[in-house]
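Here is the structure we will look at.
Only the coordinates and a few stated rules stand behind these numbers; no lab work does. These numbers come from a predicted model, not from an experiment. Note: ideal-geometry Cβ built from the backbone for every residue, glycine included; neighbour counts use all protein chains shown.
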Amino acid sequence: MPFLPFSARRPSTSSFVLVMLVAAVLSGCSSAPRIGNTKVDDSIQAQGQNSRVRHIVLHYTSGDTPTSLKVLSQHDVSSHYLISDDSPPKLYKLVDENRRAWHAGVGRWGEYSDLNTSSVGIEIVNEGRRADGTWAPYQKAQIDLAIALIQDLVNRHRVTPSNIVGHSDIAPQRKIDPGPLFPWAQLAEAGLGRWYNETQAAQYQQRYQTEGLPGTYEIQELLKSIGYDVSLNGELDRATINVIAAFQMRYRPGLYDGNPDAQTVGILKALSTSAR
């Protein structure tokens, strides 16, 4: 597991209750399958198998709960789960985890380009970026429920920290969700997702402020090493700027202008080092 600056903590009572509630939603009743009049015997399970789920992709909906439910259930877009903005939030299961939901679209993470096939998609009802340029905050209860759901998915599918991603991570040229207000550090504190060694990042930042930044090609290599889809052309072109902005939105959300400054590259270097 890549380095996390936060120690794993025993789940709180409220978190435990949330996990149990999520498990109850996911379980459901099962009956013996049949093909025609023949019962299918599934009492023997092969050892040579694993889950199809390798990634968890997080989104915001840009709309309210009724609109989001309608879009995700009646249009050519969907997700496995929707977390509403009710109080308390509701958890909707819209697509079975064994089936592909149409949430990721064209994107790439590491060697994977068909994220719909390899992922579970989670939509959180949130307005996103408003017309005035500000961002709508997430409700605490929504994040608590998201953490419980993600923990359950990780436990059942063995999703690695590096493969818990945002839509903007896998499609930085066209997507910005779940946005800069999504609390990735809080997820990392709960043992979910990848984070960086903050002391190491500060040391790299100091070095780059003193000695200058590495070249664009090296920065592109670092981005690619942690999963981002970026061309290794040595040019700070618009596509590279978009990838850097997506990285900043997740790991340095205070400023996400796509400029590869010393702080950004320091965090990137620390993260790529811990990922090896």
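Checking every one of the trypsin sites (Lys or Arg not before Pro) in the range 129-200 against DSSP loop status and a limit of 12 other Cβ atoms within 10 Å picks out 130, 158, 174.
Annotation for the range 92-163 versus the range 186-246: alpha-carbon center distance of 22 Å. For Cα extents along the principal axes in Å, several values are listed as (i) 79, 43, 35; (ii) 73, 46, 39; (iii) 87, 32, 30; flag the one computed from this structure. Calculated Cα extents along the principal axes in Å: the matching label is (ii). Based on Cα contacts under 8 Å between residues 6+ apart, the chain shows a relative contact order of 22 percent.
Rounding to the nearest 10 and keeping the result within 0 to 90°, find how far the Cα-based axis of helix 13-27 lies from the longest principal axis of the chain. The helix 13-27 is inclined about 50 degrees to the chain.
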